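Structure first, commentary second.
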Amino acid sequence: MKLLVTGGAGYVGSVCAKVLLEQDHEVVVVDDLSTGNGDAVPDGAQFVEADMVDVAPKLLGDGSFDGVLHFASKILVGESVEVPERYWHSNVTKTLQLLEAIRAAGVPRLVFSSTAATYGEPESVPITEDAPARPTSAYGATKLAIDHAITSYAIAHGLAATSLRYFNIAGAYAGLGERHPVETHLIPLVLQVATGRRSEILVFGNDWPTPDGTCIRDYIHVGDLADAHLLALQTAQPGEHRIYNLGNGTGFSVREVIASCERVTGMSIAARDVERRPGDPAVLIASSEKAITELGWKPLRTTIDEIVSDAWEFTRSRT
Ligand code: UFG
């Protein structure tokens, strides 16, 4: 297939572009490098450095594309609460323009990066796709808004669409890993302590209703996540919008993640308990049963030590 990958210079987008190329798909990456890295665009992909809304109508307009994978977005939950306008503009206004370009060009398939943040504070775990979607951040709300838009486009215009709701993505694949300009995610921050770049990891809250008092998250390897995108492209049906959660189905607490980082790096990690971070739910664990059953997806790197090992190898390669 010939595929347009928006945000293909970012963490997840670059890994997915790499996996698509390995499966002999033709990949065109569009990324404005506002947060991505040009050297993360995999060899073999055509790279267009631009804002997707400026180039998508022309690129898609020749009618040669079989699908779009839309990763480009703002992703910081905390920032989205403080500067929501940035999120509504980037994640909604621009994505609606992309959807219009897709419709106008008659592109048949779309895979969209949605998020567990669409659910907000869950009533029960593991979270299934029919759980109430009550996002607690503008980030989650913008992704949910686009999920709704995609549903109506699929029904009205015959688009074969899939939204993948990612839980906590981690690890690295083929030399491509997490390199955010402002790092807020737990595993890369803990590994920065291991490399000496950071003196300690702050543990946000030790009084959560969990066995060790710290938050529990479902960590999924970025390579397994990429595999689900391929399966989504293969199984999507015209006129249908399918939504799948993607996680391991197992949760690890902040302290368990730090312990894993200590095992993998062989170093002792300094950690300090501080106040809770606003907006954090206590426990987020995915039910990925629907993806397993309907997509035929099977996560292959499911232990926290495997995931952390790949992240550590990537971190070391860049320090
Ligand atoms: N944490 C710390 N200290 C830190 C950083 C994080 O204790 O320095 C804790 C957080 O409080 C949270 C856990 O580690 O309990 C994981 O935090 P991350 O920032 O790594 O990830 P989040 O769970 O906040 O969010 C991520 C993505 C979201 C996505 C969500 C879905 O960033 O986009 O997973 O599960 F919606």
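Read the figures in this text as sums done on the coordinates, not as results from a lab. Predicted, not measured: the structure shown is a model, and the values here were computed from it. Every residue, glycine among them, receives a Cβ derived from its backbone with ideal geometry; neighbour counts consider all protein chains shown.
See the values below:
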quantity: Nearest-0.05 FRET efficiency for R277 and R318, computed from C-beta distance (R0 22 Å); calculated: 0.25
quantity: Sequence of V15, V190 once ranked by neighbouring C-beta atoms within 10 Å, starting from the fewest; calculated: V190, V15
quantity: Cβ-Cβ FRET estimate between R134 and S34, R0 fixed at 30 Å, reported to 0.05; calculated: 0.55
quantity: When the stretch 36-76 is reduced to its Cα atoms, the Kirkwood hydrodynamic radius in Å; calculated: 12.1
quantity: Length released on extending from V182 to K58, taking residue separation times 0.36 nm less the Cα-Cα span; calculated: 41.4 nm
quantity: Overall dimensions of the chain by Cα: Rg and Dmax, Å; calculated: 18.8, 56
quantity: Longest to shortest principal axis, alpha-carbon extents of the stretch 58-179, angstrom; calculated: 43, 38, 29
quantity: Segments 1-13, 107-119, 254-266 sorted - mean Cβ within 10 Å per residue, highest first; calculated: 1-13, 107-119, 254-266
quantity: Efficiency of FRET between A156 and E26 - r from beta-carbon atoms, R0 30 angstrom, step 0.05; calculated: 0.60
quantity: Cut-off 13 Å, label 7 Å out along Cα→Cβ of R103, residues of the stretch 137-169 by amide N; calculated: 149-159
quantity: D_trans [Stokes-Einstein, Kirkwood Rh over alpha-carbon pairs] for the stretch 132-257, 10 °C, 1.306 mPa s, µm² s⁻¹; calculated: 93
quantity: Under 15 Å, Cβ to Cβ, from I146 - net charge with Lys/Arg +1 and Asp/Glu -1; calculated: +4
quantity: Label-point separation, R197 to R86 (7 Å along Cα→Cβ), nm; calculated: 2.0
quantity: Point-to-point label distance, D212-A50, nm (Cα→Cβ direction, 7 Å offset); calculated: 4.9
quantity: Quarter of Cα convex hull surface for the stretch 73-124, i.e. mean projection, nm²; calculated: 4.6
quantity: Ranked list, fewest to most other Cβ atoms within 10 Å of each Cβ, for L202, L295; calculated: L202, L295
quantity: Solution diffusion estimate, µm²/s, Stokes-Einstein, the stretch 1-137, Kirkwood Rh from C-alpha pairs, 25 °C, viscosity 0.890 mPa s; calculated: 155
